[in-house]
There are 2 protein chains.
Amino acid sequence: MTDELRRVDVALGERSYPILIGRGLLDDPRCLRDSIDAREVMVVSNETVAPLYLDRLRAAFADRRLASACLPDGEQEKQLESMLPVFDTLLVNGFSRDCQVVALGGGVIGDLAGFVAATYQRGVGFVQVPTTLLAMVDSSVGGKTGVNHPRGKNMIGAFHQPRAVIADLAVLDSLPQRELRAGMAEVIKYALLGDADFLAWLEAHLDAAMARDPATLAHIVERCCRNKAAIVAADEREAGQRALLNLGHTFGHAIEAARGYGDWLHGEAIAAGMCMAARLSARLGWINARDRDRAIALIERAGLPVHAPADMGAGRFREFMARDKKNRDGALRLVLLRALGDATVTADYDPDALTATLEAEGHD
Amino acid sequence: MTDELRRVDVALGERSYPILIGRGLLDDPRCLRDSIDAREVMVVSNETVAPLYLDRLRAAFADRRLASACLPDGEQEKQLESMLPVFDTLLVNGFSRDCQVVALGGGVIGDLAGFVAATYQRGVGFVQVPTTLLAMVDSSVGGKTGVNHPRGKNMIGAFHQPRAVIADLAVLDSLPQRELRAGMAEVIKYALLGDADFLAWLEAHLDAAMARDPATLAHIVERCCRNKAAIVAADEREAGQRALLNLGHTFGHAIEAARGYGDWLHGEAIAAGMCMAARLSARLGWINARDRDRAIALIERAGLPVHAPADMGAGRFREFMARDKKNRDGALRLVLLRALGDATVTADYDPDALTATLEAEGHD
């Protein structure tokens, strides 16, 4: 039973859907059955999450056909090959185009299960049940699905919106602290890119959040989802402002790919990436040193890395950044800060400042 | 240089595109450059077709960046794993979201390259250059892309419309006769499912078509494309009438999957499948024996199989048909004939007639 149910709507015309946020939603069969209404339910999860929560879905759908596929945990599983056993389970069970795929897990499971839903029989229904802070505030919302390629992050995928996102805040109670910190990186991202009021609020409430105060986490998840829903509704396919959500990600994806997926968590890599974006913005004179340090200080308080790995030189960064999906006609586009709470996507910056920023990493 | 350029438009709002039909289009750089306008051009082809035509694309795009991936020939290559070298080539070359993928080949290459285009960086531009009759009249038009799964045909894929289809009729001159026959199966399909006038025309002109009379083939490709364009424009995502294009395919896909992909050509399998659909329709009393025999006779005249493989029993058919994408809530939906030139999609038929039809195959 839920204490208080918060609802955020993602307005996308006939593809609109609700984000339901509350404690205990996984113990509320009615909530699950209202959101997942197919007769054939395919749950995709991982070996860490399934033992904790899969039985609740089984109980809620005892009168329907439920199949499940359980992958190993970790970013290294987010690859094309890992989709094969899921397709196999769908086909062995004879699931039709009317089935729904449910992602029960964090960002990796959500992205992969969503891509399965986008491509099984050319597209079936999809519901997100995020079990990490990162997935709740970011990856479960907005319809970006896909897998990594050894040469670049999220290079293979599709836009496929879920029919609903069910965020049970109670699952955050058992989330490892490192995962909580990684999720906080995306939370801070929303504040830095477009929500200065939230930035000030976060500075005041970060300790409560890291201590998992329920009301604080509820506010954070709702606020981030409202920010993301507004951006996605305005630019579903990332023709423009949606790219702002990539603050810290150009540098971060390069770190993830260069280290081999799974060494640094995604949130850790983009934390370092956001610090690099802040430093470059300051070097360009777009923000002052005080604001730069304010952004970095919050990230550091959340227990996140503020520098790239020391052994990652400028050459490795450029190699992976050259493949970034935002690039157009050979120009390297970055998300940079014009102020705290005001990011911009641009290829119009002094390239020497980028070089200096890359070369300074690990040597500050 | 083209003799006569025919153009059929597929009307899909902002996703509308032209089908250009004519002899010598691959020797017309202006036609190619108008249709493929990206700076980065990724050609996907196979080992049979690439030696014949890839150089013409290279010549037309000498001032742009062109990369190519060349797969082995055959339906057995239409699988998820075969996409990996194509993604690899795209990434090694650093191709961006602004690139365009060009399918130079038959239905296998078109479906696979289209699925690559649908999923590389969550979707890039796509142009079809079909080199078989089957691809020209059917698979290159309409945006169905995807790959097979060992347990079912076209089970993994996406809807992704091309920006243009360029059908150079001159390439049919060198098409193996078996491939020409296989393409004729889809041609006959359009006549049977919805174009009675075309059926009569085909009966009068089949010999000229099989002898590759240029004017006859040009008329056939245009007529089929007009039929397909109208159906796709009315029902892009196959919510209804588009399923009529699956005449013969429920039985045919079962034959292909049961035999192992590549043993029977797709066109051969659906030829046998259409004969089975005609026999079932007659058994149900929906068409008379004369019309049934008229349909089968045309297929036989085209040199195509009119029965399933003799060793494929009813059990194997049911096993694979149970996974057909058209099925809803456990009901097996079939495309059947209410008259020659008037097909219908239905699960409302006497199941005993289906059983009798399956059991009679190979023993007639």
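In the stretch B:299-322, which residues are surrounded by fewer than 20 Cβ atoms within 10 Å (Cβ to Cβ), at pLDDT 95 or above and assigned to a helix (DSSP H, G or I)?
The answer is B:Glu300, B:Arg301.
From B:Leu284, B:Leu336, which residue is crowded, with 20+ Cβ neighbours inside 10 Å, touching a residue at least 24 places away in the same chain (Cβ under 8 Å) and out of contact with any Pro (no Cβ under 8 Å at 6 or more places or on another chain)?
Testing whether each residue is crowded, with 20+ Cβ neighbours inside 10 Å, touching a residue at least 24 places away in the same chain (Cβ under 8 Å) and out of contact with any Pro (no Cβ under 8 Å at 6 or more places or on another chain) leaves just B:Leu336.
Please verify whether the stretch A:83-105 includes one or more residues that are farther than 24 Å from A:Ile19 by Cβ, more than 14 Å from every other protein chain (Cβ to nearest Cβ) and surrounded by fewer than 24 Cβ atoms within 10 Å (Cβ to Cβ).
For the stretch A:83-105, residues farther than 24 Å from A:Ile19 by Cβ, more than 14 Å from every other protein chain (Cβ to nearest Cβ) and surrounded by fewer than 24 Cβ atoms within 10 Å (Cβ to Cβ): absent.
Here's a check for you: in the stretch A:231-241, which residue that is open to solvent by 60 Å² or more (accessible area, probe 1.4 Å) and outside any helix (DSSP H, G or I) is nearest to A:Met136 (Cα to Cα)?
Checked the stretch A:231-241; the qualifying residue nearest to A:Met136 (Cα to Cα) is A:Arg237.
Any idea which of (1) among the hydrophobic types (A, V, I, L, M, F, W, C); (2) outside any strand (DSSP E or B); (3) in contact with a Gly (Cβ under 6 Å, 6 or more places away or on another chain); (4) assigned by TED's automatic domain parsing to the domain that holds A:Ala11 is the one A:Phe126 doesn't satisfy?
Here A:Phe126 clears every test but (2).
If the requirement is being closer than 30 Å to B:Val124 by Cα, of a type in the set (D, E, K, R) and away from every other protein chain (no Cβ under 14 Å), which of these qualifies: A:Asp329, A:Asp291, A:Asp342?
A:Asp342
Look through B:Ala322, B:Ala347 and report the one residue that is without any contact (Cβ under 8 Å) to a residue 12 or more places away in the chain, within 14 Å of another protein chain (Cβ to nearest Cβ) and under 30 Å from B:Phe159 (Cα atoms).
Of B:Ala322, B:Ala347, the one residue that is without any contact (Cβ under 8 Å) to a residue 12 or more places away in the chain, within 14 Å of another protein chain (Cβ to nearest Cβ) and under 30 Å from B:Phe159 (Cα atoms) is B:Ala322.
Look through the stretch A:117-147, keep the residues that are hydrophobic (A, V, I, L, M, F, W, C) and either surrounded by fewer than 24 Cβ atoms within 10 Å (Cβ to Cβ) or touching a Phe, Trp or Tyr at 6+ places or on another chain (Cβ under 7 Å) (or both), and return whichever of them is nearest to A:Arg212 (Cα to Cα).
Of everything passing the filter in the stretch A:117-147, A:Val147 is nearest to A:Arg212 (Cα to Cα).
Exactly one of these conditions fails for B:Val41: (1) more than 19 Å from the chain's Cα centre (by Cα); (2) surrounded by fewer than 24 Cβ atoms within 10 Å (Cβ to Cβ); (3) over 28 Å from A:Leu84 (Cα atoms). Give me its number.
Against the list (1) more than 19 Å from the chain's Cα centre (by Cα); (2) surrounded by fewer than 24 Cβ atoms within 10 Å (Cβ to Cβ); (3) over 28 Å from A:Leu84 (Cα atoms), B:Val41 comes up short only on (2).
If you check A:Ala272 against the conditions, is it in contact with a strand residue (DSSP E or B) (Cβ under 9 Å, 6 or more places away or on another chain), on the phi < 0 side of the Ramachandran plot, assigned to a helix (DSSP H, G or I) and small (Gly, Ala, Ser)?
Taking the combined requirement at face value, the residue does not satisfy it.
Might you let me know whether the stretch B:341-350 holds any residue that is in the same structural domain as B:Ala204 (by TED's automatic domain parsing), among the hydroxyl-bearing types (Ser, Thr, Tyr) and assigned to a loop (DSSP other than H, G, I, E, B)?
Within the stretch B:341-350, one or more residues are in the same structural domain as B:Ala204 (by TED's automatic domain parsing), among the hydroxyl-bearing types (Ser, Thr, Tyr) and assigned to a loop (DSSP other than H, G, I, E, B).
Can you tell me which residues in the stretch B:48-85 are assigned to a loop (DSSP other than H, G, I, E, B), in contact (Cβ under 8 Å) with a residue 12 or more places away in the chain and either of a type in the set (Asp, Glu) or outside the structural domain of B:Cys31 (by TED's automatic domain parsing) (or both)?
Hit for the stretch B:48-85 is B:Asp73, nothing else.
With the requirement that a residue be open to solvent by 10 Å² or more (accessible area, probe 1.4 Å), closer than 26 Å to A:Gly125 by Cβ and part of a helix (DSSP H, G or I), what does the stretch A:149-188 give you?
Answer for the stretch A:149-188, where residues must be open to solvent by 10 Å² or more (accessible area, probe 1.4 Å), closer than 26 Å to A:Gly125 by Cβ and part of a helix (DSSP H, G or I): A:Leu169, A:Ala170.
Answer yes or no as to whether A:Trp286 is closer than 26 Å to A:Leu180 by Cβ and of a type in the set (Phe, Trp, Tyr).
For A:Trp286, the condition - closer than 26 Å to A:Leu180 by Cβ and of a type in the set (Phe, Trp, Tyr) - is not met.
If I go through the stretch B:157-182 residue by residue, how many of them are over 20 Å from B:Tyr17 (Cα atoms) and touching a Phe, Trp or Tyr at 6+ places or on another chain (Cβ under 6 Å)?
Total satisfying the criteria: 1.
So for the stretch B:308-318 (the condition being farther than 20 Å from B:Leu192 by Cβ and within 14 Å of another protein chain (Cβ to nearest Cβ)), does at least one residue qualify?
Within the stretch B:308-318, one or more residues are farther than 20 Å from B:Leu192 by Cβ and within 14 Å of another protein chain (Cβ to nearest Cβ).
Give me the pairs, please: first residue somewhere in the stretch B:18-44 and within 14 Å of another protein chain (Cβ to nearest Cβ), second residue anywhere and in a helix (DSSP H, G or I) and of a type in the set (Ser, Thr, Tyr), beta-carbon distance under 9 Å, and either six or more positions apart or on two chains.
B:Met42/B:Thr89
Of everything in the stretch B:247-260, what is open to solvent by 30 Å² or more (accessible area, probe 1.4 Å) and closer than 18 Å to B:Arg328 by Cα? Give them in sequence order.
Within the stretch B:247-260, none qualify.
Quick check on A:Leu244: is it buried (at least 19 other Cβ atoms within 10 Å of the Cβ), outside any loop (DSSP other than H, G, I, E, B) and in contact with a Ser or Thr (Cβ under 8 Å, 6 or more places away or on another chain)?
yes
Please tell me if A:Ala295 is open to solvent by less than 10 Å² (accessible area, probe 1.4 Å), part of a loop (DSSP other than H, G, I, E, B) and assigned by TED's automatic domain parsing to the domain that holds A:Met210.
Against the criterion (open to solvent by less than 10 Å² (accessible area, probe 1.4 Å), part of a loop (DSSP other than H, G, I, E, B) and assigned by TED's automatic domain parsing to the domain that holds A:Met210), A:Ala295 does not qualify.
Taking the stretch B:114-141 as the search range and keeping residues that are among the aliphatic types (A, V, I, L, M) and more than 14 Å from chain A (Cβ to nearest Cβ), which one is farthest from the chain's Cα centre (by Cα)?
B:Val127
Which one of these is at pLDDT below 90, open to solvent by less than 40 Å² (accessible area, probe 1.4 Å) and more than 25 Å from the chain's Cα centre (by Cα): B:Gly330, B:Gly362?
B:Gly362
Filter the stretch B:199-230 down to the residues that are in contact with a helix residue (DSSP H, G or I) (Cβ under 7 Å, 6 or more places away or on another chain) and without any contact (Cβ under 8 Å) to a residue 40 or more places away in the chain, then identify the one that is surrounded by the most Cβ atoms within 10 Å (Cβ to Cβ).
Of everything passing the filter in the stretch B:199-230, B:Asn227 is surrounded by the most Cβ atoms within 10 Å (Cβ to Cβ).
Could you count how many residues in the stretch B:326-364 are among the polar types (S, T, N, Q) and under 18 Å from A:Ser96 (Cβ atoms)?
Number of matching residues: 2.
The values are calculated or read from the model by the stated rules, or taken from the named source; none is laboratory data. Please read all numbers here as calculations on a predicted model, not as lab measurements. All Cβ positions, glycine included, derive from the backbone under ideal geometry; neighbour counts span all protein chains shown. When the accessible area is computed, the model is the full protein with side chains, heavy atoms only, and any ligands, DNA or RNA have been set aside. Shrake-Rupley method; radii C 1.70, N 1.55, O 1.52, S 1.80 Å.
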